[in-house]
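Enquirer: Quick one: the structure is below, questions incoming.
No lab work stands behind these numbers, since they all come straight from the coordinates. Quantities reported herein were computed from a predicted structural model and do not represent experimental measurements. Using ideal geometry, Cβ is built from the backbone for each residue, glycine included, and neighbour counts are taken over all protein chains shown.
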Amino acid sequence: MPFSRRRFLRHSALATTTLIAAPAVFRSGAFGAEKPIVVGSLHDQSGPIAASGTPMVYALQLAVDEINAGGGLLGRPLKVIHYDTQSNIQMYSQFAQQLAVKDKVDVVHGGITSASREAVRPTFDRFKVLYFYNVLYEGGVCDRNTFCTGTTPAQTVEKLVPSAMKKAGKKAYIIAADYNYGQITAKWMTKYVKDNGGEVLSTDFFPLDVTNFGTTISKIQAAKPDLILSALVGGNHTAFYRQWTSAGMKGKIPIASTTFGLVNEPTTLDAAESDSILGAYGYFEELATPASKSFVEKIKKAHPDSPYVSELAACTYEGAMLWAEGVKKAASIDRMKVIEALESGIAFDGPSGKVSLDKPTHHTTRNAFLAEVKDRKWSVLESYSDVKPADTASVCDLVKNPTDTKQYIINL
Amino acid sequence: MAIYLIVALDVLNGISSLFLLCLGLAIIFGMMKIINLAHGEFIMLGAYATVISANAGVNIWIAMLIVAPLFVGLVGLVIERCLIRFLYGRLVDSMLATWGLSLLIIGIITTIYGNTQQGVPTPLGGFSIGSYQSSYYTLFLAGMAIGMMVLVYGVMRYTRLGLIARATMQNPAMAATLGVNPTRVYMSTFVVGAAVTGLAGGLVAPVSGITPGMGGAYVAKAFMTVVGGGAAMLSGTMSAASLFGAVNQVGAYFTTPVYGEVLVFTTAIVLIRLLPQGISGRFFKGNL
């Protein structure tokens, strides 16, 4: 057969068309019946917040894998689209847009710091994408499109302060990080100290790059408190616990903290520096219930080098499972139907115990735990069941104001 | 009474740690006018070298005083040969290059060790003055600061090496005609500066939080101190460290830690306005 230029052009054109069309043809043929339900994930896996974000990604993946192993939702498999937000708020805004507009996800789990949550929440409101924030925070978010599954101060600080005061005494000295979390948490600490008949001698705030705590340690000694309440945050601030111990103060004045040990502090400090510090969270890796043990085992099996599995990971897992329960109950992936189903009193038995969604606040009623550091691990002292998000409930009622979208600052 | 002693110790601690953290930078910046924005990362490398060798079973004192400066000195040698030697006399380029370098070092350390690193406890323990407690480590840091000052002064003032270094810094072309190899002098000065910074990193390791990004907390204050000190390497750095260290600690004690920081920065602005050449541009002219 003679091979003319015209014939060559015709053949190439045909071949090109086939190649270009192939993916579309194959895709609709293979998956047309069960297009996956897409779950968006925005977590920091690099940068300073990576130690918090990494186990959250593992937990979300675990939840999705388990749901898929059980046949998916509504007969469709789940697919995670994850973006590493690199501890950078700008990345949060950018990837939130991308998830909503380009990837067209059905739900988003993510956000770690309060700043990152407030950067993405309006985007998901605007594009009508259901949003789950699975992190402990200062409370007050009131938004029908958003579910906050982590603990708030009324669930943890309220338990921590009286137990610490009972052990130590009535006079407290507060040290906290100088940004919105630390400032607001210090207010909650002050409130609960006063509610329990105590007195706050002084409150000191520290910018996040302070590394020398010498004068603070002297000031604390001069004030002679019975108890130190700490909301110090980040790597630089762990220096406080070191310098406290090196001055020989360890054990002389007890310390209770709302931030210590949420991420990796017990692992970075020596046992002598961290022993007997008190903390209260919605979950501890050391919790000895069967559900908790199997949860930790599954994460450590899949990722042997996983950082500490804290409330952050447990709440992310529970958040994903609560959402799945909602989808099942709604028998649809439609956003409004799922929200209505989630508001109907959905509950899930997770690693921390029973977690149920509260309709007026879109927060959770969940268990809280009090623990003490022993030999670089937490030892759980007490558990409190079904603690309500009373702080947010005092300002937020989505039944009355379903169109509310703001974060209230709770006046104390 | 005891409380005044304790506050005096805090001030001493503030001054000596600031001096130790700046000295390496002063050697590099003061002598070669290279702005090393990776200074904080050199501190971090010193701290990591200490912590990792101490956790591997090396005696804590050897880890701090020998492993840290040796390791960071070697890193400095590699960096000088591969990067810095092309940048002498190019101030702005050196800033950009060393800033990139600092990001690279943070990235490498994060990739190898992750964000979580077990630290070392502070050696020596505490002592009491009246009903107050302080740490022997504070006194040790002050001793180290004085030791380093004497050492640098001695080397620069009384040895042939110091004479050559000073001559090269003053007039490299003239020194070269007299048979000195300036490239060699620059290289060794950079290595010494890096090693001194590594030592500082090792010394702060037991009293700070060890993360790959920890250098960021030190670098701004170090630059402020070196610039505030002016051209004279030792007397300038020492006087600026004394001023800023004391202002920070006294300010933090009598007000709050936030104002302690604010006061330092305000003092620095006023100082540079009144003495644009730094403290030593006015008071210790011609000193080391």
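Enquirer: Eigenvalues of the Cα gyration tensor times 5, then square-rooted: what semi-axes does that give for the stretch B:101-158, in whole angstrom, largest first?
Expert: With the √(5λ) rule applied to the stretch B:101-158, the semi-axes are 31, 26, 8 Å.
Enquirer: Would you list which lysines come within 21 Å of residue A:300, measuring only between C-alpha atoms, while excluding same-chain residues fewer than 8 positions from it?
Expert: Straight-line reach from residue A:300, under 21 Å: A:377.
Enquirer: With springs only between Cα atoms under 10 Å, which of A:87, A:344, A:292 fluctuates most in a Gaussian network model of chain A?
Expert: Sorting by GNM fluctuation, first place goes to A:344.
Enquirer: Evaluate the relative contact order of chain A (contact order divided by residue number), counting alpha-carbon pairs under 8 angstrom at least 6 apart; express in whole percent.
Expert: Reported as a whole number, the value is 18 percent.
Enquirer: Would you calculate the convex hull of the Cα atoms in the protein assembly as shown and tell me its volume per residue in Å³?
Expert: 218 Å³
Enquirer: How many nm separate the modelled label positions at residue A:375 and residue B:112, each set 7 Å beyond the Cα in the direction of the Cβ?
Expert: Simple spin-label model gives 3.2 nm for this pair.
Enquirer: What trypsin sites (Lys or Arg not before Pro) in the stretch A:205-314 are in a loop by DSSP, with at most 12 other Cβ atoms within 10 Å of the Cβ?
Expert: A:252
Enquirer: Let me ask something else about it. Output the Kirkwood hydrodynamic radius of chain A, Cα pairs only, in Å rounded to one decimal.
Expert: One decimal place: 22.8 Å for the Kirkwood radius.
Enquirer: Residue by residue through the stretch B:136-151, which ³J(HN,Hα) values in whole Hz follow from phi under the Karplus form 6.51 cos²θ - 1.76 cosθ + 1.60 (θ = phi - 60°), with glycine and proline marked x?
Expert: 4, 4, 4, 5, 4, 4, 4, x, 4, 4, 5, x, 5, 4, 4, 4
Enquirer: Calculate the dipole size of the protein assembly as shown relative to its Cα centre from +1 charges on Lys and Arg beta carbons and -1 charges on Asp and Glu beta carbons; express the result in debye to the nearest 20.
Expert: Here the size comes out at about 1860 debye.
Enquirer: Still on this structure, please answer the following. Whose amide H sits under 5 Å from the amide H of residue A:387, counting only residues 5 or more places off or on another chain, with H placed in the peptide plane?
Expert: Amide H to amide H, under 5 Å and 5 or more residues apart or across chains, residue A:387 pairs with A:366, A:367, A:368.
Enquirer: On to the next question. Where Rh is the Kirkwood radius over the Cα pairs of the stretch B:179-288, the temperature 10 °C and the viscosity 1.306 mPa s, what D in µm²/s does Stokes-Einstein return?
Expert: It diffuses with D of about 101 µm²/s by this estimate.
Enquirer: Under a point-charge model restricted to the Cβ atoms of Lys and Arg (+1) and Asp and Glu (-1), what is the dipole moment magnitude of chain B relative to its Cα centre, in debye to the nearest 20?
Expert: Here the size comes out at about 820 debye.
Enquirer: Also, quick follow-up: Tally Lys and Arg at +1 and Asp and Glu at -1 over the other residues with C-beta under 11 Å from the C-beta of residue A:224: what net charge comes out?
Expert: Its environment carries a net charge of +2.
Enquirer: Here's a follow-up. Ignoring solvent entirely, what values of log10 I(q)/I(0) come out of the Debye formula for chain B at 0.12 Å⁻¹ when each Cα is a single scatterer?
Expert: -0.77
Enquirer: Between residue A:390 and residue B:92, what is the label-to-label distance in nm when each label sits 7 Å out along the Cα-to-Cβ direction?
Expert: The modelled label-to-label distance comes out at 6.2 nm.
Enquirer: Under a cut-off of 19 Å between alpha-carbon atoms, report the aspartates and glutamates in cross-link reach of residue A:388, not counting same-chain residues fewer than 8 places apart.
Expert: By straight Cα distance, residue A:388 reaches A:138, A:143, A:158, A:195, A:311, A:318, A:343, A:349, A:358, A:397.
Enquirer: Something else about it: Principal axes first, then extents: for the Cα atoms of the stretch A:291-396, list largest minus smallest coordinate on each axis, whole Å, largest first.
Expert: Largest to smallest, the principal-axis extents are 48, 35, 18 Å.
Enquirer: Same structure, new question: Identify, among A:368, A:38, B:279, the residue whose Cα sits farthest towards the positive end of the charge dipole of the protein assembly as shown, taking +1 on the Cβ of Lys and Arg and -1 on the Cβ of Asp and Glu, with the dipole about the Cα centre.
Expert: My answer, from the dipole projection, is B:279.
Enquirer: Can you list the equivalent-ellipsoid semi-axes of the stretch A:154-281, largest first and in whole Å, using the square root of 5 times each Cα gyration tensor eigenvalue?
Expert: Taking √(5λ) for each Cα gyration eigenvalue gives 20, 16, 15 Å.
Enquirer: Let me ask something else about it. Based solely on its DSSP helices, what 222 nm [θ] is calculated for chain A when runs of n ≥ 4 H residues each add -39,500 (n - 2.57) and the sum is averaged over all residues, nearest 500 deg cm²/dmol?
Expert: Rounded to the nearest 500, the figure is -13000 deg cm²/dmol.
Enquirer: Now a separate question. Suppose we take every Cα in the stretch B:1-133 and form the convex hull; what volume per residue is that in Å³?
Expert: Taking only Cα atoms, the stretch B:1-133 has a hull volume of 132 Å³ per residue.
Enquirer: Work out how much length residue A:194 to residue A:224 would gain on full extension: take 0.36 nm times their residue separation and subtract the Cα-Cα distance, in nm to one decimal.
Expert: That works out to 9.0 nm of additional length.
Enquirer: Placing +1 at every Lys and Arg Cβ and -1 at every Asp and Glu Cβ, with all other atoms neutral, what dipole size does the stretch A:103-180 have around its Cα centre, in debye to the nearest 20?
Expert: 400 debye
Enquirer: Oh, and also: So how far apart, in nm, are the two label points at residue B:282 and residue B:184 if each is 7 Å from Cα heading toward Cβ?
Expert: The two pseudo-label positions are separated by 4.1 nm.
Enquirer: What residues of the stretch A:341-371 lie in the reach of a label at residue A:167, counting those whose backbone N is under 15 Å from a point 7 Å from the Cα along Cα→Cβ?
Expert: A:369-371
Enquirer: What cysteines in the protein assembly as shown have no other cysteine with a beta carbon less than 4.7 Å from their beta carbon?
Expert: Within the protein assembly as shown, the cysteines lacking a partner Cβ under 4.7 Å are A:148, A:315, B:22, B:82.
Enquirer: Using a cut-off of under 20 Å, list every residue of the stretch A:48-69 whose amide N is near the label point 7 Å from the Cα of residue A:118 along the Cα-to-beta-carbon line.
Expert: A:49
Enquirer: Among B:43, B:19, B:98, which residue has its Cα furthest toward the positive end of the charge dipole of the stretch B:1-144, with +1 on Lys/Arg Cβ and -1 on Asp/Glu Cβ?
Expert: About the Cα centre, the residue reaching furthest to the positive side is B:98.
Enquirer: Equivalent-ellipsoid semi-axes (√(5λ), Cα gyration tensor) for the stretch A:205-339, whole Å, largest first?
Expert: Output for the stretch A:205-339: semi-axes of 39, 17, 13 Å.
Enquirer: Could you tell me the center-to-center distance, by alpha carbons, between the stretch B:227-251 and the stretch A:136-168 in angstrom?
Expert: When both Cα centres are located, 44 Å separates them.
Enquirer: If I build a Gaussian network model for chain A, linking alpha-carbon pairs within less than 10 angstrom, which residue out of A:233, A:355, A:108 has the largest mean-square fluctuation?
Expert: So, out of A:233, A:355, A:108, the one fluctuating most is A:233.
Enquirer: Further question on the same structure: Angle between the Cα long axis of helix A:50-69 and the longest principal axis of chain A, 0 to 90 degrees, nearest 10?
Expert: Tilt relative to chain A: about 50 degrees.
Enquirer: Of the options A:357, A:409, A:384, report the single residue whose Cα projects farthest towards the positive end of the charge dipole of the stretch A:304-411 (beta-carbon charges: Lys, Arg +1; Asp, Glu -1).
Expert: A:357
Enquirer: Before anything else, pin down the relative contact order of the stretch A:298-412: Cα pairs under 8 Å, at least 6 apart, normalised by residue count, whole percent.
Expert: 15 percent
Enquirer: For chain A, modelled as a GNM with alpha-carbon contacts under 10 angstrom, which of A:143, A:334, A:125 fluctuates the most?
Expert: Looking only at A:143, A:334, A:125, the biggest GNM fluctuation is shown by A:334.
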